There are 2 protein chains.
Amino acid sequence: MSKYDHLYEKTISSQPIYDGRIIKVKVDEVLLPNGNTAKREIVNHQGAVAVLPITDDNKMVVVRQFRKPLERTIVEIPAGKLEPGEEPLACAMRELEEETGYVASQYTPLSSFYTSPGFADEILHVFVATGLKKGESKPDEDEFVDVLEVTLEEAHALHQSGEIRDAKTVVALFAWENKMLRERG
Amino acid sequence: MSKYDHLYEKTISSQPIYDGRIIKVKVDEVLLPNGNTAKREIVNHQGAVAVLPITDDNKMVVVRQFRKPLERTIVEIPAGKLEPGEEPLACAMRELEEETGYVASQYTPLSSFYTSPGFADEILHVFVATGLKKGESKPDEDEFVDVLEVTLEEAHALHQSGEIRDAKTVVALFAWENKMLRERG
């Protein structure tokens with residue numbers, strides 16, 4: 001019994017649709033608070049991690065990457081899926097080094113959020129990485145990225161032009177700006 | 001021919017998996033830049049709109065809503081799916097009024113972003129709504145929400161406690177804070 005029971009949707013039945021490498025899909029029939037029923041199309045995902053890497057000269061490290069669902073490249077902060085049982089911080093360290101070659105001396109949690117809670121349970125854990133030292137990038141064999149380093153102004157221009165155009169990177173951009181505004185203020 | 005052809009993934013074949021009310025699912029086989037092939041699991045979605053509503057006394061209007069993929073309630077800025085052919089601004093106005101009863105005299109585009117470009121093409125258009133006047137909320141018949149008005153400090157507390165926990169609302173929170181920091185600075 002919770003104080004939000006008046007919003008609860010009870011599962012009546014659940015139909016598996018697809019079981020893939022990255023996502024599972026199912027359709028649940030639910031009982032609504034008013035006694036009606038409805039269908040809920042649901043994508044299950046193992047979760048992911050993203051890193052906002054800030055260099056000592058105050059640039060953000062981002063990657064340009066082709067995204068098949070969009071049929072275009074966009075510019076994003078480094079990110080990757082959690083392996084089964086993997087800790088978000090370990091995943092963040094692995095993905096930053098694989099995609100960009102950078103190793104960070106400090107990781108600070110920024111936010112954890114669901115990317116699209118209306119139909120998906122994917123959660124994304126975002127860290128800020130500082131104290132960066134450059135090594136060799138080692139992308140996955142089916143991963144192809146260009147690494148860029150951009151100032152806050154350049155990042156805003158990429159957002160304006162639609163090249164920065166995904167939730168985690170917009171969160172990172174606004175959070176970074178927030179940090180700079182506080183430090184200036 | 002584009003300058004990012006070295007990142008491009010050409011479709012070799014596409015297998016439809018599911019065609020639902022909210023999402024479609026397909027699996028594409030792609031040719032990678034290195035000549036190997038890979039599978040891409042793709043969710044198609046018609047796109048959505050979200051509104052960051054700021055009242056004249058500087059509170060953010062949010063809704064608490066049960067999200068079936070998460071099996072819990074979270075606190076989000078008002079949002080809804082685009083109808084076929086609908087303009088994002090018209091959708092924003094409709095959703096704000098339906099979910100909260102508020103009508104806004106001014107809408108300002110904040111950002112448009114893909115929620116999870118690794119597997120989905122869902123785009124979310126976010127507007128800031130100001131000059132709010134309260135009327136009657138008219139939620140969809142299968143939509144049940146509690147409307148809340150919170151200060152920036154209360155919104156941060158909801159983020160810390162994990163009740164604000166989705167991408168669009170985290171974007172809204174940081175954007176709102178940036179606006180306040182600029183106005184103070």
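The values are calculated or read from the model by the stated rules, or taken from the named source; none is laboratory data. Remember, predicted model here, so these are calculated numbers, not experimental data. We place every Cβ from the backbone using ideal geometry, glycine too, and count neighbours over all the protein chains shown. What goes into the accessible areas is simple: the full protein's heavy atoms, side chains included, and nothing from ligands, DNA or RNA. Shrake-Rupley method; radii C 1.70, N 1.55, O 1.52, S 1.80 Å.
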So, B:PRO84, is that one without any contact (Cβ under 8 Å) to a residue 40 or more places away in the chain, within 28 Å of A:ILE23 (Cα to Cα) and in contact with a Ser or Thr (Cβ under 7 Å, 6 or more places away or on another chain) or not?
no
Evaluation of B:SER161 against (1) within 18 Å of the chain's Cα centre (by Cα); (2) open to solvent by 30 Å² or more (accessible area, probe 1.4 Å) (one fails), failing number:
(1)
Of (1) facing chain A (nearest Cβ under 8 Å); (2) without any contact (Cβ under 8 Å) to a residue 40 or more places away in the chain, B:ILE22 satisfies every one except (2)
With within 22 Å of B:ALA167 (Cα to Cα) and either at the interface with chain A (Cβ under 7 Å from one of its Cβ atoms) or buried (at least 16 other Cβ atoms within 10 Å of the Cβ) (or both) as the only criterion, which of B:PRO53, B:PRO33 stands out?
B:PRO53
The condition from (1) in contact with a Phe, Trp or Tyr (Cβ under 7 Å, 6 or more places away or on another chain); (2) touching a residue at least 24 places away in the same chain (Cβ under 8 Å); (3) at the interface with chain B (Cβ under 9 Å from one of its Cβ atoms) that A:ASN178 misses is numbered (2)
Of the listed residues (A:GLU76, A:GLU95, A:GLU41), the one being closer than 17 Å to B:ALA167 by Cβ and acidic (Asp, Glu) is A:GLU76
Subset tally (residues that are in contact with a helix residue (DSSP H, G or I) (Cβ under 9 Å, 6 or more places away or on another chain) and either within 12 Å of another protein chain (Cβ to nearest Cβ) or surrounded by 23 or more Cβ atoms within 10 Å (Cβ to Cβ) (or both)) for the stretch A:124-146:
11
Check the stretch A:17-30 and report whether any residue there is of a type in the set (D, E, K, R), closer than 30 Å to A:GLU163 by Cα and not assigned by the TED database to the domain that holds A:PRO117.
yes
Filter result for B:PRO69 (assigned by the TED database to the domain that holds B:GLU149, open to solvent by 10 Å² or more (accessible area, probe 1.4 Å) and within 18 Å of A:GLY20 (Cβ to Cβ)):
yes
For the stretch A:17-36, enumerate the residues that are within 28 Å of A:ALA129 (Cβ to Cβ) and assigned to a strand (DSSP E or B).
A:ILE23
Determine whether B:LYS59 is open to solvent by 10 Å² or more (accessible area, probe 1.4 Å) and not assigned by the TED database to the domain that holds B:GLY101.
no
So which residues in the stretch B:147-168 are assigned to a helix (DSSP H, G or I) and more than 8 Å from every other protein chain (Cβ to nearest Cβ)?
B:LEU152, B:GLU153, B:GLU154, B:ALA155, B:HIS156, B:ALA157, B:LEU158, B:GLN160
Name every residue in the stretch B:11-62 that is within 29 Å of A:GLU143 (Cα to Cα) and among the acidic types (Asp, Glu), in order of residue number.
B:ASP19, B:ASP28, B:GLU29, B:GLU41
Out of all the residues in the stretch B:88-118, which are touching a residue at least 12 places away in the same chain (Cβ under 8 Å), crowded, with 17+ Cβ neighbours inside 10 Å and assigned to a strand (DSSP E or B)?
B:TYR102, B:ALA104, B:TYR107, B:LEU110, B:SER111, B:SER112, B:PHE113
In the stretch A:1-16, anything open to solvent by 70 Å² or more (accessible area, probe 1.4 Å) and either in contact (Cβ under 8 Å) with a residue 60 or more places away in the chain or assigned to a loop (DSSP other than H, G, I, E, B) (or both) is listed as A:MET1, A:LYS3, A:TYR8
